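Just so you know, all these numbers are worked out from the coordinates, no wet-lab data involved. Everything numeric in this text was worked out from a predicted model, so none of it was measured. Note that we place each Cβ from the backbone using ideal geometry, even for glycine, and neighbour counts take in every protein chain shown.
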Amino acid sequence: MTQDDADRLEELAERETAYGLFQRAQALQRKRHNAQAAVLLERADRLEGGLAVDFLASAAGRTDTLILADATVRSSPLITGNAILDVEVGARQRIGIQTVAFGVIGSQISDTPDRPRLRLRLGLSHFF
């Protein structure tokens with residue numbers, strides 16, 4: 001492998017780092033290629049992990065009602081700072097053979113302290 005080949009491989013590896021993707025996206029935005037820049041930015045902001053637990057609410061062991069709890073940790077390689085921790089608690093209730101109603105309340109507990117975040121989600125799911 002020549003020195004030119006090694007330099008080219010190093011340049012290509014740098015392009016796939018979060019900072020390299022961010023720099024390429026900024027260059028595309030300056031040229032008004034916003035959709036292409038969005039794809040690069042989405043690839044750069046992709047670090048997330050979560051854990052969810054469902055509990056049976058019925059002492060008889062029926063699955064009609066479930067109590068849920070989950071925690072998600074998100075971080076962005078583009079924005080320096082601490083990771084964001086989301087916590088949610090809620091319930092799901094079966095209201096038909098294939099229909100489930102759910103409600104969840106959650107919060108970001110480790111984001112910037114000047115912006116309180118509270119999230120309430122209500123929904124209805126129908127399974128086919």
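In this structure the amide hydrogen of residue 64, modeled in the peptide plane, comes within under 5 Å of no amide hydrogen from residues 5 or more places off or on another chain.
Among 53, 100, sorting on how many other beta-carbon atoms sit within 10 Å of each Cβ, with the fewest leading, yields 53, 100. Residue exposure proxy: 10, 88, ordered by other Cβ atoms within 10 angstrom of their Cβ from fewest to most, comes out as 10, 88.
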